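I have placed the structure first, in the form of structure tokens, so that the comments after it can refer back to it.
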Amino acid sequence: MRTTLLPLAFLTLCRPAAAQLTAGGVPPGGTVLQTSINLSLSTPNTTDSASLELDCDDFQDAWAVLHRDMPEVDGTNWAALHVVDDDIEVCVDLLPGFSQRPKYHLFGEPLDCGANFNWQLVGELYLGNFGGWVITGPFEIDDRYIAYRRNGQVGWIKLSFQLDQTTISLQVPELLPLCPITLGIDEQPGSGGFTLFPNPGRGREINVMAVAPLEQIEVFDATGRTLARHAGTARTIPAPISPGTYLVRATQADGTRSTMRWVRQD
């Protein structure tokens with residue numbers, strides 16, 4: 001997971017519409033979401049899927065879909081993205097064919113969309129296929145990025161798939177989401193607040209020490225989403241499962257809030 005450190009005053013995500021992003025790149029104030037999706041199928045005539053959150057609103061915006069048919073009788077194995085939101089465009093090819101294909105980028109390449117590609121609204125977007133009579137396309141992609149956008153704001157999805165093996169697979173390990181511009185979570189470490197240790201930490205529990213009684217402890221990810229809430233009496237809380245930078249906010253009995261950054265290392 002790649003992430004930038006959070007500003008000292010506000011957690012702010014700013015992505016100028018005209019900025020030229022690169023595949024795998026993160027703009028100032030941005031963060032990468034660790035999706036850790038790993039689909040695999042070994043039984044014919046089966047399908048699996050997993051949801052993708054593309055804009056930090058806690059609603060599924062797309063689905064990664066993997067289908068296994070029966071290649072030995074001219075069926076088709078395929079991987080696809082099903083885009084739910086009707087205002088998200090993907091960089092796809094303009095060449096004639098049975099279905100649109102996304103443009104695949106190597107790490108570090110500019111997320112441009114020219115030549116035989118263009119930004120298009122898509123519903124079902126096939127990533128690759130193997131077998132069958134009609135649909136053709138790549139059957140193997142390893143650590144490539146596809147670009148998507150809304151209102152000029154660009155994000156990327158990293159993926160891999162293998163469709164010509166006994167067990168077929170589709171991985172989506174991480175993505176750069178289209179998040180709100182300002183989330184406004186103040187970092188307010190105060191002398192009357194609390195302390196977290198170890199910080200940085202790893203997968204072990206986080207110890208909480210406070211001078212005054214606490215009513216509640218909240219944990220936020222780098223997009224400002226609430227990951228967990230704990231009673232103020234807790235003196236240890238579970239560490240977030242993915243490496244990255246988080247905000248932990250404690251509310252005292254009188255309503256006073258203090259917020260600290262906590263970093264999980266690999």
- Query: Right, GLY137: among the small types (Gly, Ala, Ser), surrounded by fewer than 16 Cβ atoms within 10 Å (Cβ to Cβ) and outside any strand (DSSP E or B) or not?
  - Reply: no
- Item | Failed criterion for GLY131 (all others in (1) more than 24 Å from the chain's Cα centre (by Cα); (2) at pLDDT 90 or above hold) | (2)
- Give just the number: which of (1) at pLDDT below 90; (2) of a type outside the set (A, V, I, L, M); (3) assigned to a loop (DSSP other than H, G, I, E, B) does SER36 not satisfy? (3)
- Turns out the strands (runs of 3 or more DSSP E) fully within region 205-265 with at least 2 residues that are free of Cβ contacts under 8 Å to residues at least 60 places away in the same chain, out of contact with any helix residue (DSSP H, G or I) (no Cβ under 9 Å at 6 or more places or on another chain) and not hydrophobic (A, V, I, L, M, F, W, C) are 214-220, 226-231, 244-252
- Tell me, which residue of region 235-255 that is surrounded by 15 or more Cβ atoms within 10 Å (Cβ to Cβ) and more than 21 Å from the chain's Cα centre (by Cα) is nearest to ASN199 (Cα to Cα)? ILE237
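Rundown of residues vs (1) among the hydrophobic types (A, V, I, L, M, F, W, C); (2) within 30 Å of SER42 (Cβ to Cβ), yes/no style:
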{"residue": "ALA79", "(1), (2)": "yes, yes"}
{"residue": "ARG101", "(1), (2)": "no, yes"}
{"residue": "ASN129", "(1), (2)": "no, yes"}
{"residue": "GLU140", "(1), (2)": "no, yes"}
{"residue": "TYR145", "(1), (2)": "no, yes"}
{"residue": "ARG150", "(1), (2)": "no, no"}
- Query: Inside region 105-122, can you point out the residues that are at pLDDT 90 or above and either surrounded by 19 or more Cβ atoms within 10 Å (Cβ to Cβ) or not assigned by TED's automatic domain parsing to the domain that holds ASP86 (or both)?
  - Reply: HIS105, LEU111, PHE117
- Pick from ASP143, ASP87, ASP164: which is surrounded by fewer than 17 Cβ atoms within 10 Å (Cβ to Cβ) and free of Cβ contacts under 8 Å to residues at least 60 places away in the same chain? ASP143
- Note on the structure: Counted residues in region 18-49 being buried (at least 18 other Cβ atoms within 10 Å of the Cβ) and at positive phi come to 2
- Restricting attention to region 196-222, which residues are surrounded by 14 or more Cβ atoms within 10 Å (Cβ to Cβ) and either in contact with a Pro (Cβ under 9 Å, 6 or more places away or on another chain) or at pLDDT below 80 (or both)? ILE206, ASN207, VAL219, ASP221, ALA222
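The values are calculated or read from the model by the stated rules, or taken from the named source; none is laboratory data. Since the model is a prediction, treat every value here as computed from it, not as a measurement. Cβ coordinates were reconstructed from backbone atoms using ideal geometry, including for glycine residues, and neighbour counts include every protein chain displayed.
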